[in-house]
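The values are calculated or read from the model by the stated rules, or taken from the named source; none is laboratory data. Quantities reported herein were computed from a predicted structural model and do not represent experimental measurements. So basically every Cβ, Gly included, is an ideal-geometry build from the backbone, and we count neighbours across all protein chains shown. Accessible surface areas use protein heavy atoms only, side chains included; no ligands, DNA or RNA. Shrake-Rupley method; radii C 1.70, N 1.55, O 1.52, S 1.80 Å.
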Amino acid sequence: QVQLVESGGGLVQPGGSLGLSCAASGSIISIETMGWYRQAPGKQRELVAAISSGGSTNYADSVKGRFTISRDNAKATVYLQMNSLKPEDTAVYYCNGRLWTRNRAGIYWGQGTQVTVSS
């Protein structure tokens, strides 16, 4: 069974920084695109950032210039460095990955980690 586990969430002041990590485990053959999504109360889950197996990245306009996504394929881990945080960044952040297991491609989600930006 594939499992994605996020870590690094917490409370931070506006303008502060926070780093998130997501480690994938299980019978993984290969990992394709990985990304971070977030969902605030009463709002839909939205894409924050994504990174391909080749290292190409894509960011939501709201986080461009502030967030950086990266990955370590050897460790099956994706990271999200968040700088200049704003109150509107407050949400549960979810790790997402498209990967292959037993000759089958699938989309997997982490359990989520809370990020709260508040004074």
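Structure data summary
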| quantity | calculated |
| --- | --- |
| Near pairs, Cβ below 6 angstrom, 6+ apart or cross-chain, from the stretch 18-36 (at negative phi) to any residue that is part of a loop (DSSP other than H, G, I, E, B) and open to solvent by less than 30 Å² (accessible area, probe 1.4 Å) | 22/110; 24/76 |
| Answer from 28, 51 - the residue that is hydrophobic (A, V, I, L, M, F, W, C), at pLDDT below 95 and within 13 Å of residue 97 (Cα to Cα) | 28 |
| Residue tally, condition among the β-branched types (Val, Ile, Thr) and part of a strand (DSSP E or B), over the stretch 85-99 | 1 |
| Residues of the stretch 58-105 that turn out to be within 18 Å of residue 4 (Cα to Cα), in contact with an Asp or Glu (Cβ under 8 Å, 6 or more places away or on another chain) and small (Gly, Ala, Ser), as a count | 2 |
| Which listed residue, of 76, 60, is more than 10 Å from the chain's Cα centre (by Cα), aliphatic (A, V, I, L, M) and closer than 10 Å to residue 22 by Cβ | 76 |
